[in-house]
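The values are calculated or read from the model by the stated rules, or taken from the named source; none is laboratory data. Quantities reported herein were computed from a predicted structural model and do not represent experimental measurements. Don't worry about glycine lacking a Cβ; one is built from the backbone with ideal geometry, like all the others, and counts go over all protein chains shown.
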């Protein structure tokens, strides 16, 4: 597989002026300024192949957006290198911009007061797309994303979900080989979310687009990606297949128990005293229970609950990426090298 994105030891550090308080502090700052150094991205290295969809995830402040801003040419790194389709993003910005499509969360690239179709027409001219290519792509995107009712509306009259679908179309109108998508399904209802996912999958598999996807909606990641990169405190802590991290760390199972009548988490916890459990009172009659299979076998858990309570239903869920990643963010799980 030919690499579309090659990143080596990419680092971004900020020098911040530490302002002292009070008049005396202000006077001291005039003659003796103090600075602190913050490393937002620390020696990050990875490769993404052509046609691959890779999830790039991390907690707020982990360094995701800073990485994406360097890869799109918005920021210049402190050190390290990145080559994307043969170009260095911050040194060849104009050529690079023609090769990428970008969605940055809630920052729209659509013009606020004019119809969506007028923005798309303008983008066609900016990117010098031929009329025939433009018409063909617009028809394809309109069909994939159900845009027909939205094209004649001004951007300011669109809902967040409608605007995100139109932003996706705007990012694809010049047919870029690489997509950087930051929260592309934010604000979408279930139907629209599936449309956007199907569009991303279509462009990656049928058209060979390379996609780097950042999102807090891990359902998007599980549906679209085989591989994820997890960044924490500026450094990569995992780069590999989702099935591998589930096999390595997916020792936690979750049970959702529906009881006949009200049962509290306190009552349930006494049945498993001394065992590592996390309990959640979902409703007065429903309890969620996360447990380690090495400490409690699922069959023993079910047997114990049935012997002590009148149970309407028990749903056991296997290794869940959302739960694994949440526990990593919370410091309850550690990825060993």
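Residues in the stretch 149-165: is at least one modelled with pLDDT of 95 or more, buried (at least 20 other Cβ atoms within 10 Å of the Cβ) and in a helix (DSSP H, G or I)?
No, the stretch 149-165 has no match at all.
Within the stretch 281-325, can you find the residues that are touching a residue at least 60 places away in the same chain (Cβ under 8 Å), in a strand (DSSP E or B) and surrounded by fewer than 12 Cβ atoms within 10 Å (Cβ to Cβ)? Even if it seems obvious, please write down each step before you answer.
Applying the first criterion (touching a residue at least 60 places away in the same chain (Cβ under 8 Å)) to the stretch 281-325 yields 315-325.
This time we only want the ones that are in a strand (DSSP E or B), so: 315-317.
Scanning the stretch 281-325 gives a single hit, 315.
Mind checking which pairs have a first residue in the stretch 59-78 that is assigned by TED's automatic domain parsing to the domain that holds residue 45 and a second that is surrounded by fewer than 21 Cβ atoms within 10 Å (Cβ to Cβ) and assigned to a loop (DSSP other than H, G, I, E, B), Cβ under 6 Å, 6 or more apart or different chains?
From the stretch 59-78, the pairs are 69/75; 73/90; 76/90.
Restricting attention to the stretch 4-23, which residues are at pLDDT below 95 and at positive phi?
22
Please work out which residue is modelled with the lowest pLDDT, limiting yourself to the stretch 193-234 and to residues that are more than 25 Å from residue 146 (Cβ to Cβ) and surrounded by fewer than 16 Cβ atoms within 10 Å (Cβ to Cβ).
Once the filter is applied, the top-ranked residue is 233.
So how many residues does the stretch 1-56 have that are surrounded by fewer than 11 Cβ atoms within 10 Å (Cβ to Cβ), under 21 Å from residue 90 (Cα atoms) and touching a helix residue (DSSP H, G or I) at 6+ places or on another chain (Cβ under 7 Å)?
Of the residues in the stretch 1-56, 0 are surrounded by fewer than 11 Cβ atoms within 10 Å (Cβ to Cβ), under 21 Å from residue 90 (Cα atoms) and touching a helix residue (DSSP H, G or I) at 6+ places or on another chain (Cβ under 7 Å).
Do any helices (runs of 4 or more DSSP H) entirely within the stretch 16-113 hold 2 or more residues that are over 22 Å from the mean Cα position of the chain (by Cα), and if so, which?
Per the criteria, 22-31, 93-99.
Assigned by TED's automatic domain parsing to the domain that holds residue 48, under 23 Å from residue 70 (Cα atoms) and without any contact (Cβ under 8 Å) to a residue 40 or more places away in the chain: is that true of residue 136 in this structure?
No, not satisfied.
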